[in-house]
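The values are calculated or read from the model by the stated rules, or taken from the named source; none is laboratory data. Quick caveat: nothing in here was measured; it's all calculated off a predicted structure. Positions of Cβ are generated from backbone atoms using ideal geometry, with glycine treated the same way; all protein chains shown enter the neighbour counts. Only protein heavy atoms, including side chains, enter the accessible area calculation; ligands, DNA and RNA are left aside. Shrake-Rupley method; radii C 1.70, N 1.55, O 1.52, S 1.80 Å.
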Amino acid sequence: MASTILTNGRIFTPSTGSEGYEFQQTMIISGDRIQYVGAPNHDAIQQAKDAGAHEVDLQNKVVAPSFIDSHMHIVDFALSRRKLSLLSCKSLDEIRQAIKAFAEANPKEPRIMCKSWVQSTTGGEALASMLDDLDPRPIYIHANDMHSGWCNTAALEELGAATMADPPGGTIHRDENGKPTGLLSEMAHIAVVPQFLISATPLEDKLSALDDAAAEYTAAGYSGMIDMGMEDTEWGVLKAWRERHGENFPFHIAAHWVIPPNDDMDVVFRHVDEAIARHREYHPATSPNFCIVGIKLMCDGVVDGCTAALTDPYQGRENPVDPIWPTDALQAVVKKADAAGLQIAIHAIGDKAVRDAIDALSLAQPGRRHRIEHLELTSPEDAKRLGQLGITASVQPVHSDPAIFRAWPGLIGEHRCSRAFAYREFLEGGAPVAFGTDSPTAEHLALPNLYNATTRRSAIEPECTETVNSHFGLPLAAAVSAATTGAAYSRWADSWTGCLKAGLSADFVVLDMDWKAESLLKAKVQQTWARGRKTFDASANDARL
């Protein structure tokens with residue numbers, strides 16, 4: 001089998017030294033595996049040359065394990081690329097102008113689809129009447145965090161919102177006469193709108209969108225992803241997509257099955273049983289590249305929507321927000337899923353939700369690599385408990401960007417903002433740390449995500465000098481590890497990927513960069529490799545499947 005020798009590079013590898021990493025100069029790949037990583041004068045180099053290996057001069061570029069997005073939503077991401085972004089809009093007038101222009105430019109679209117609405121730009125108000133005069137077609141606007149949706153009257157009618165009861169953990173906002181006003185919060189949006197829109201989109205359109213999404217992800221240096229919102233419809237789409245591309249499929253995908261809250265625990269346990277059955281059918285031991293690894297539970301909402309569960313009330317409110325799952329129900333689900341061998345991922349943003357999540361996972365069997373997603377506000381005590389219990393801190397540094405953090409002081413107060421995104425505490429407390437992006441709630445790009453994690457400055461507004469709790473920033477090597485080795489560990493894939501060493505899958509990315517956190521926004525992905533196959537080459541400028 002022909003081999004490839006990569007020489008004259010800075011190949012990022014783990015080390016027992018004080019820095020925790022070192023750069024090697026040479027790597028040999030043979031087939032889909034790494035054969036050798038180390039110095040250029042090893043016997044293995046000459047043996048490979050004698051056998052006719054192809055040599056590539058890296059010209060001092062950095063080679064790292066290819067990135068794994070440890071928290072994302074691939075079908076939502078794929079469809080979101082065709083939506084109008086409202087992220088740059090600063091007011092209701094700007095939002096209306098953008099939607100009007102988009103609608104006029106896309107007369108054949110059955111719906112007007114928008115994303116990245118920042119709720120503070122409309123003062124938290126979201127009425128159908130603000131949109132109804134723009135276009136007669138249904139208008140759907142997803143909040144930047146994807147936890148709320150804003151609809152015009154046509155969209156509300158299409159969804160049947162008027163006759164729909166509030167789902168557990170969600171609210172269909174209504175006027176004094178019970179008529180939906182246009183805003184859908186938490187599970188009234190999360191469990192309703194994306195699924196409706198995915199079902200309403202023709203399969204070929206979904207598969208084409210996924211091909212575009214694959215091009216975006218490979219160009220960003222990824223070879224793996226962990227989907228945090230799986231259910232039947234989306235899983236069927238992903239199976240069709242994977243089957244279409246066969247051996248050329250460029251990613252390994254692990255997914256967590258969503259368990260929606262319900263007052264009837266028999267209903268909840270039926271969802272858990274379905275996840276158990278899917279896990280057995282698509283088990284990571286027998287289908288590591290396409291598997292169901294566990295379940296996902298939504299313990300609270302988001303700070304921007306004032307739905308994250310905090311110990312103390314939001315500014316100007318009398319009562320704190322409670323977690324979505326009652327304590328006994330959360331713990332019952334954790335025990336059942338853990339006993340079945342499922343990994344458990346719990347969405348917990350507010351400090352109250354985080355505490356409940358840690359308490360629940362403390363009842364699980366040790367060593368199961370359960371995880372908490374987001375962890376945006378944590379107490380010092382709970383930050384330490386993560387490491388003590390071996391709970392993976394699955395975080396998304398892009399959410400800490402100063403450009404989207406500005407509403408927080410007015411919502412929760414400066415004193416609580418000082419506890420936001422405490423990544424260094426998680427790491428120093430011994431918790432495994434895994435990085436994701438939560439796309440499409442944020443950009444999927446790995447390098448800006450690392451910039452947020454290390455500098456705590458804005459990748460959205462690079463000229464901005466603001467930082468968010470810079471003392472919680474991570475060293476560059478630790479951040480790269482969290483986006484690669486840590487992400488692989490979080491889904492039990494670290495025995496075969498996520499690190500550059502002999503015997504592991506040849507999954508790596510070639511980066512043109514200075515090894516400085518401050519320079520990450522200038523860094524470029526030159527090539528992406530998955531299982532020994534080049535899936536992106538910047539010089540070819542074409543990453544489509």
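So how far, in whole Å, is the C-alpha centre of region 293-309 from the one of region 129-207?
Here the two parts' Cα centres lie 19 Å apart.
So if we plug the beta-carbon distance of E157 and N106 into 1/(1 + (r/R0)^6) with R0 = 22 Å, what FRET efficiency do we get, rounded to 0.05?
The formula returns an efficiency of 0.60 here.
On full extension of the chain, what length is gained from R270 through E125, given 0.36 nm per residue of separation minus the C-alpha to C-alpha distance?
48.5 nm
Calculate what fraction, in whole %, of the accessible area of region 275-315 sits on carbon and sulfur atoms when a 1.4 Å probe is rolled over the protein chains.
That fraction is 47 percent.
In region 294-474, what % of DSSP beta bridges are antiparallel (nearest 5)?
Close to 5 percent.
Around Q343, which amide H atoms from residues at least 5 apart in sequence, or from another chain, sit under 5 Å from its own amide H, with H modelled in the peptide plane?
G294, I295
How large is ³J(HN,Hα), in whole Hz, for each residue of region 354-371 in order, when computed from phi with the Karplus curve 6.51 cos²θ - 1.76 cosθ + 1.60 and θ = phi - 60°, using x for Gly and Pro?
So the Karplus estimates, Gly and Pro as x, are 4, 4, 4, 5, 5, 4, 5, 6, 5, 7, 7, 5, x, x, 8, 6, 5, 8 Hz.
Order the following by accessible area, largest value first: D507, D145. Probe radius 1.4 Å; ligands, DNA and RNA are ignored.
D145, D507
Express the accessible area of region 294-474 per residue in Å², computed with a 1.4 Å probe while the remaining protein chains stay in the model.
33
Can you list residues from other chains, or at least 5 along the same chain, whose modelled amide H is less than 5 Å from the amide H of E55?
Amide H to amide H, under 5 Å and 5 or more residues apart or across chains, E55 pairs with I5.
If a/c stays under 1.5 just call it rounded; otherwise compare a/b with b/c (prolate if a/b is bigger, oblate if not). Do that for region 75-186, with a ≥ b ≥ c from the square roots of the Cα gyration tensor eigenvalues.
Here region 75-186 falls in the rounded category.
Would you please give the residues with an amide H less than 5 Å from that of T392, counting only those at least 5 places away or on a separate chain, with H modeled from the backbone geometry?
The answer is H370, R371, I372.
Express in nm, to one decimal, how much length is gained between E243 and Q365 on full extension, taking 0.36 nm for each residue of separation and deducting their alpha carbon distance.
Stretched fully, the E243-Q365 segment lengthens by 40.4 nm.
Just to confirm my numbers, what's the Cα centroid distance between region 106-120 and region 503-537 in Å?
Using only Cα atoms, the two centres lie 33 Å from each other.
Using the Karplus curve 6.51 cos²θ - 1.76 cosθ + 1.60 with θ = phi - 60°, work out ³J(HN,Hα) for each residue of region 335-350 in order, rounded to whole Hz, and write x for Gly and Pro.
Karplus-based 3J(HN,Hα) across region 335-350 equals 5, 5, 5, 5, 5, 8, x, 7, 6, 10, 10, 10, 6, 8, 9, x Hz.
Got a number for carbon plus sulfur as a percent of region 75-186's accessible area, 1.4 Å probe?
Using a 1.4 Å probe with all protein chains present, region 75-186 comes out at 51 percent carbon and sulfur.
Taking R0 as 22 Å, what FRET efficiency do you get between Q388 and A285 from their Cβ-Cβ distance, rounded to the nearest 0.05?
With R0 = 22 Å, the Cβ-Cβ based efficiency is 0.20.
Mind checking which lysines have their C-alpha under 21 Å from K61, skipping anything on the same chain fewer than 8 residues away?
By straight Cα distance, K61 reaches K501, K516, K522, K524, K534.
Net charge within 13 Å of K49 by Cβ-Cβ distance, Lys/Arg positive one each and Asp/Glu negative one each, not counting K49 itself?
-3
Just to confirm my numbers, what's the Cα centroid distance between region 212-247 and region 1-70 in Å?
28
At a Förster distance of 56 Å, what's the computed FRET efficiency of S519 paired with N319, Cβ-Cβ distance as r, to 0.05?
That gives a FRET efficiency of 0.75.
What aspartates and glutamates does K115 reach when the alpha-carbon gap must be under 13 Å and sequence neighbours fewer than 8 apart in one chain are set aside?
D76, D145, E443
Please report, as a whole percent, how much of the solvent-accessible surface of region 219-259 comes from carbon and sulfur atoms (probe radius 1.4 Å).
Answer for region 219-259: carbon and sulfur cover 40 percent of the accessible area.
List the lysines whose Cα lies under 19 Å from the Cα of K384, skipping any in the same chain that are fewer than 8 positions away.
The reachable lysines, counting only those whose Cα sits under 19 Å from K384, are K352.
Tell me the per residue accessible area of region 166-219 using a 1.4 Å probe; a whole number in Å² is fine.
38
Give a residue-ordered list of calculated ³J(HN,Hα) values for region 503-512 (Karplus: 6.51 cos²θ - 1.76 cosθ + 1.60, θ = phi - 60°; whole Hz; x for Gly, Pro).
Values per residue, Gly and Pro as x: x, 8, 4, 7, 10, 8, 10, 9, 10, 9 Hz.
Counting only C-alpha contacts under 8 Å and six or more residues apart, can you give the relative contact order of the chain as a whole percent?
Averaging sequence separation for qualifying contacts and normalising by length gives 17 percent for the chain.
For region 294-474, what relative contact order do you get, as a whole percent, if you take Cα pairs closer than 8 Å and at least 6 residues apart?
19
Multiply the residue separation of E22 and A540 by 0.36 nm, subtract the distance between their alpha-carbon atoms, and state the gained length in nm to one decimal.
Full extension of this stretch gives 183.5 nm more.
Which of the GluC sites (Glu not before Pro) found in region 149-207 are loop residues per DSSP with 14 or fewer other Cβ atoms within 10 Å of their Cβ?
Sparse-neighbourhood loop GluC sites (Glu not before Pro): E176.
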